[in-house]
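Shown next, in structure tokens, is the structure this report addresses.
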Amino acid sequence: MTGFLGHDVVMVSSEPKKRILRLASSSPRQGDAGSPAWPYDVDFMLSEDQVWTIGLSEGVGHGAAGRVVSVDEALQTRSLAHIVKAEGSWLVPYLRRLHAGGRVTEEELAGDYLSRHGRLPRVIA
């Protein structure tokens with residue numbers, strides 16, 4: 001990229017690169033009184049240093065809310081309820097393995113997702 005006065009500009013980010021896999025999403029359904037229910041999503045985010053964090057989000061567009069939690073926090077009651085609402089109960093054994101110090105790979109998660117859904121998970125980054 002060329003910057004002011006024709007000098008080359010190199011963009012450098014101190015942020016580590018992440019891989020984000022959308023592994024659970026609630027199916028569309030009606031909420032109370034015929035209104036649409038908020039969708040729930042669960043993302044597994046793998047940092048450059050191979051540490052998993054979990055993204056939990058609810059809603060659509062500017063009405064959405066979300067948070068990123070550690071594996072430990074993802075196994076707490078509030079987060080587990082979100083994961084179940086997102087139809088991601090199948091992810092709990094992976095979270096337990098990570099919590100116990102075990103290793104989970106992107107390939108393993110993608111393969112399990114493929115066998116359950118007939119397609120690969122959405123990769124956001």
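No lab work stands behind these numbers, since they all come straight from the coordinates. The structure displayed is predicted, hence computed values, not measured ones. Note that we place each Cβ from the backbone using ideal geometry, even for glycine, and neighbour counts take in every protein chain shown.
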_Shape call, the stretch 19-106: gyration tensor on alpha carbons, a/c limit 1.5_ = prolate
*When a/c is below 1.5 the answer is rounded, else prolate if a/b is larger than b/c, else oblate, so apply that to the stretch 64-125 with a ≥ b ≥ c taken from the square roots of the Cα gyration tensor eigenvalues.*
oblate
_Residues with amide H under 5 Å from that of V51, placed H, sequence gap 5 or more_ = none
*In the stretch 56-125, which trypsin sites (Lys or Arg not before Pro) fall in coil by DSSP and have 13 or fewer other Cβ atoms within 10 Å?*
R103, R119
